[in-house]
Every structure is written in structure tokens, then in C-alpha cells.
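Undergrad: Please find one structure pasted underneath; my questions will follow.
The values are calculated or read from the model by the stated rules, or taken from the named source; none is laboratory data. Please read these numbers as outputs of a predicted model, since none were measured by experiment. All Cβ positions, even for glycine, are placed from backbone atoms using ideal geometry, and neighbour counts span all protein chains on display. The accessibility values were calculated without ligands, DNA or RNA, using every heavy atom of the protein model including side chains. Shrake-Rupley method; radii C 1.70, N 1.55, O 1.52, S 1.80 Å.
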Amino acid sequence: MTESKDKTLMRSLGEFVGHLYRAVKTDPSRKRVVLNEKQEQENRGGITLRRTTVEEIEINQDHRDPDP
């Protein structure tokens with residue numbers, strides 16, 4: 001049997017509400033350091049191919065190692 005890969009409307013709405021809930025609960029004071037950001041772009045006959053790579057570190061205040 002083949003399964004349908006389309007999401008139902010209720011599933012999509014549930015995911016949307018979940019994203020909003022996570023955004024409200026996320027601590028904005030968490031530090032984020034971007035180490036490297038690289039973008040490659042290539043044009044092929046009217047089509048633009050773009051690849052972006054971001055390397056980052058997030059430092060949570062709760063899980064920081066104590067200084068010896």
C-alpha cells in the first residue's frame with residue numbers, strides 16, 4: 001500500500017501552534033555565536049543554486065561548566 005505524504009489541515013495547524021508555543025517558551029537571553037557562515041551560488045541557465053552553511057554555538061547559562 002502506498003501512504004499519502006500530504007499532511008492534513010489539522011496536522012499542519014497543530015504543527016503551526018507547536019512552533020508558536022515553542023517560540024513563546026524559548027529564552028531569548030541564550031547566547032549564540034556564529035563561527036562561520038559560507039554561501040555558494042551557481043547560475044545554470046536561469047536557475048540559481050544556492051547553498052548556505054552556518055556553524056554556530058549556543059551557550060546555555062544553566063549548563064555552563066564551573067571554573068576550577
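Undergrad: Going by what's in this entry, would Glu42 be described as open to solvent by 100 Å² or more (accessible area, probe 1.4 Å), at pLDDT 75 or above and of a type in the set (Asp, Glu)?
TA: Answer is no for this residue.
Undergrad: Mind listing whichever residues of the range 21-39 are modelled with pLDDT of 85 or more and loosely packed, with under 10 Cβ neighbours inside 10 Å?
TA: Correct list: Arg22, Ala23, Val24, Lys25.
Undergrad: Which of the residues that make up the range 45-68 are assigned to a strand (DSSP E or B) and at pLDDT below 85?
TA: Within the range 45-68, Val54, Glu55, Glu56, Ile57, Glu58, Ile59 meet the criteria.
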